[in-house]
Amino acid sequence: MGAWASRGRAARVPAPEPEPEEALDLSQLPPELLLVVLSHVPPRTLLGRCRQVCRGWRALVDGQALWLLILARDHGATGRALLHLARSCQSPARNARPCPLGRFCARRPIGRNLIRNPCGQEGLRKWMVQHGGDGWVVEENRTTVPGAPSQTCFVTSFSWCRKKQVLDLEEEGLWPELLDSGRIEICVSDWWGARHDSGCMYRLLVQLLDANQTVLDKFSAVPDPIPQWNNNACLHVTHVFSNIKMGVRFVSFEHWGQDTQFWAGHYGARVTNSSVIVRVRLS
């Protein structure tokens with residue numbers, strides 16, 4: 001008899017294992033090409049991780065060319081103005097000091113609110129407070145405040161309640177040569193109002209300070225009190241420091257409030273959505 005033909009499946013031949021790929025060593029790239037590659041890495045990663053890879057990478061991250069390349073990608077009017085300022089307001093070479101543009105790109109201080117916890121969404125955190133009467137509390141807004149990150153507010157009592165923040169502009173990412181360039185402005189605003197059944201009083205004081213906390217400029221607002229039975233009035237106070245003197249390094253933002261009925265509890269001025277915003281002057 002002839003041999004039986006096998007009806008089983010053909011044995012599988014294992015596929016050859018791929019040869020391990022050689023790891024790409026970015027450090028072997030020419031410096032100008034490595035600079036382009038690193039410019040696509042988030043600024044915080046550049047400062048926190050890439051800077052620690054080796055001396056060569058550290059030199060690139062600490063240098064100015066990388067950050068100018070990152071800034072050049074913003075083709076809007078503000079971006080072009082920022083790039084021009086970054087090139088013209090260069091800080092003098094400082095031994096073993098990273099370029100200040102790194103912190104600037106990481107913190108992104110232009111156009112954002114530098115006030116922390118502006119609406120009380122974190123309680124009283126970040127504020128220096130003085131409690132009058134029954135002190136500060138946080139409540140829901142009685143009137144919607146446009147653009148606020150939270151519809152909550154700080155509420156005062158029957159005696160003056162006061163709170164304050166002092167902003168370190170260099171810590172926020174702005175370097176001295178930029179602050180002294182005459183090409184930026186500082187915009188401040190605050191919302192305040194009352195509950196319908198109680199009148200209230202309010203004050204605002206914003207000061208621009210030098211490195212020694214000496215006052216270089218200030219804006220104060222003492223508007224007329226809001227009367228009782230006011231339909232939950234809500235008002236907006238704004239000011240722009242446009243001709244900033246040389247030497248400004250801090251902004252002190254301070255406001256007060258109380259009610260006019262002198263009732264126990266929290267019937268006084270309601271403040272929220274406080275802001276300090278640094279902008280580039282486009283003209």
Practice item. Filter the range 151-170 down to residues that are open to solvent by less than 40 Å² (accessible area, probe 1.4 Å) and not hydrophobic (A, V, I, L, M, F, W, C) and give me whichever is nearest to Ile277 (Cα to Cα). Key: Gln165
Check your understanding: Given the structure, is Arg58 open to solvent by 30 Å² or more (accessible area, probe 1.4 Å), among the basic types (Lys, Arg) and part of a helix (DSSP H, G or I)?
Key -> yes
Check your understanding: Taking the stated definitions as given, is Val222 within 19 Å of the chain's Cα centre (by Cα) and of a type in the set (A, V, I, L, M, F, W, C)?
Key -> no
Review point. Which condition number does Arg125 fail, the rest of (1) open to solvent by 70 Å² or more (accessible area, probe 1.4 Å); (2) closer than 19 Å to Ser189 by Cβ being met?
Key: (2)
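Residue by residue, here is whether (1) of a type in the set (Lys, Arg); (2) open to solvent by less than 10 Å² (accessible area, probe 1.4 Å); (3) in a strand (DSSP E or B) holds:
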| residue | (1), (2), (3) |
| --- | --- |
| Val240 | no, no, yes |
| Ile244 | no, no, no |
| His255 | no, yes, yes |
| Val271 | no, yes, yes |
| Val278 | no, yes, yes |
Exercise for review: Examine the range 246-253 for a residue that is open to solvent by 50 Å² or more (accessible area, probe 1.4 Å), more than 30 Å from Gly199 (Cβ to Cβ) and in contact with a Lys or Arg (Cβ under 6 Å, 6 or more places away or on another chain), and state whether such a residue exists.
Suggested key: no
Check your understanding: Looking only at the range 208-231, which residues are open to solvent by 40 Å² or more (accessible area, probe 1.4 Å) and among the polar types (S, T, N, Q)?
Key -> Asn212, Gln213, Thr214, Ser220, Gln228, Asn231
Revision key, fill the gap. Note on the range 242-283: residues of a type in the set (Gly, Ala, Ser) and in contact with a Gly (Cβ under 6 Å, 6 or more places away or on another chain) are Gly257, Gly268, Ala269
Practice item. Test Gly182 against the stated conditions and say whether it is over 15 Å from Glu254 (Cβ atoms) and in contact with a strand residue (DSSP E or B) (Cβ under 6 Å, 6 or more places away or on another chain). Key: no
Check your understanding: Based on what the data block shows, is Ala148 open to solvent by less than 50 Å² (accessible area, probe 1.4 Å) and in contact (Cβ under 8 Å) with a residue 24 or more places away in the chain?
Key -> yes
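The values are calculated or read from the model by the stated rules, or taken from the named source; none is laboratory data. Quantities reported herein were computed from a predicted structural model and do not represent experimental measurements. Heads up, the Cβs are rebuilt from the backbone with ideal geometry, glycines too, and the neighbour counts pull from every protein chain shown. SASA here: full protein model, heavy atoms, side chains in, ligands and nucleic acids out. Shrake-Rupley method; radii C 1.70, N 1.55, O 1.52, S 1.80 Å.
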